[in-house]
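These notes concern the structure reproduced below.
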Amino acid sequence: MKPVTVITGAIAIIIGSVLLTGSGHAQNKSNFPKVDHSDSQGKISKPLTKDCTFLRAGSVLNKGITNLKQQDIGEINDFVLDSKNGKIRYAAVTYGGFLGFGNKMFAVPFEALTVLPNNNCKQDHRFLLEVSQEQLDGAAGFKQDHWPDFADQEFLKKLDLRYKVHRDQEVPPSNAVIRANQLLNLKVLNAEDHQIGKVEEIILDTAHRKARYIIASLNDHTTNGNKLFAVPFQALQVKSNLKNDNQQNLVLKMSNHQLTKIQGFDRDHWPDFTDPVYRKSLIEQFLFVKKQKDQGMKVGIDS
């Protein structure tokens, strides 16, 4: 993946500085450089510190959204992920009373959001979104039981236009999506389709806009201990239940013997996901089958 450029990193720092120094500066919008949301300009959301790069989905769902004036304008209700590669495509937000849209949800391209730390607290983050009432004129929200069709190219184009997201390449329409709230607590199956655990958490990589790891608890007889395991998203496959299309599971293509070799972590001692050595070790533990099948293919820690 391309590293975040110095220019775009500086832009994020400028925005963060303004937010922390008071609303007086925030009211003068001409002082803010225009943020380019194109893929070629580095990967928004831009983390100000390494603590913002990897977030636990469970800790940011229902988190508030503010604008540049530090006004609360809504909250994050869910994330829409590409079920094949974990890319965070959209956030489902509610605008609440600020913009007068009630409890309806709206799909917002993740590129339009910026993640910022809140008071330098590692596990406390907020989302920045600059949107006006005029931008949302004509926007049709949706309810929890009636989500939009993310394979509708016209719908996706309108979202980009509404939130001023410019892309070098169009997002290919696809129904291969899954929501973060659907992923949480899914069953984890092994290569023989036997349940070996469940999803406990999702680690979001905001710099590259991906669900990077699935945190799973595995059965004691499988792993010889009550630990959690960080599994690279690309090592798992979202699979529908043959008896019920609405029920999905995650399949980890490893045998029970292979699973006894992997290393987990204690619930009260989470690893540092910014550590490249640790991330490389996860690739080696969980994607070794893929490496053997595709000789010579390199799997980057941020791919």
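The values are calculated or read from the model by the stated rules, or taken from the named source; none is laboratory data. Just so it is clear, the structure is predicted and the values come from calculations on it, not from any experiment. FYI the Cβ positions are ideal-geometry reconstructions off the backbone, even for glycines, and counts take in every protein chain you see. Surface accessibility is based on the protein's heavy atoms, side chains included, excluding ligands, DNA and RNA. Shrake-Rupley method; radii C 1.70, N 1.55, O 1.52, S 1.80 Å.
What the table shows:
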item: Residue tally, condition open to solvent by 40 Å² or more (accessible area, probe 1.4 Å), in a loop (DSSP other than H, G, I, E, B) and either within 24 Å of Lys239 (Cβ to Cβ) or touching a residue at least 12 places away in the same chain (Cβ under 8 Å) (or both), over segment 142-157; result: 6
item: Odd one out for Ala139 among (1) of a type outside the set (Asp, Glu); (2) within 15 Å of Lys87 (Cβ to Cβ); (3) in a loop (DSSP other than H, G, I, E, B); result: (2)
item: Only listed residue being on the phi > 0 side of the Ramachandran plot, surrounded by 12 or more Cβ atoms within 10 Å (Cβ to Cβ) and among the basic types (Lys, Arg), chosen from Lys164, Lys198; result: Lys164
item: Members of segment 275-288 found to be loosely packed, with under 14 Cβ neighbours inside 10 Å and in contact (Cβ under 8 Å) with a residue 12 or more places away in the chain, listed by number; result: Pro276, Lys280
item: Residue match in segment 69-78 (condition: open to solvent by less than 10 Å² (accessible area, probe 1.4 Å), modelled with pLDDT of 65 or more and among the aliphatic types (A, V, I, L, M)); result: yes
item: Hey, Ser240 at pLDDT 90 or above, of a type in the set (Ser, Thr, Tyr) and more than 20 Å from the chain's Cα centre (by Cα) or not; result: no
item: Which numbered condition Val93 fails, given (1) under 14 Å from Gly141 (Cα atoms); (2) open to solvent by 10 Å² or more (accessible area, probe 1.4 Å); result: (2)
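Residue-wise test of (1) without any contact (Cβ under 8 Å) to a residue 60 or more places away in the chain; (2) in a loop (DSSP other than H, G, I, E, B).
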{"site": "Leu159", "(1), (2)": "no, no"}
{"site": "His166", "(1), (2)": "no, yes"}
{"site": "Glu170", "(1), (2)": "yes, yes"}
{"site": "Pro173", "(1), (2)": "yes, yes"}
{"site": "Asn181", "(1), (2)": "no, no"}
{"site": "Gly197", "(1), (2)": "yes, no"}
{"site": "Leu204", "(1), (2)": "no, no"}
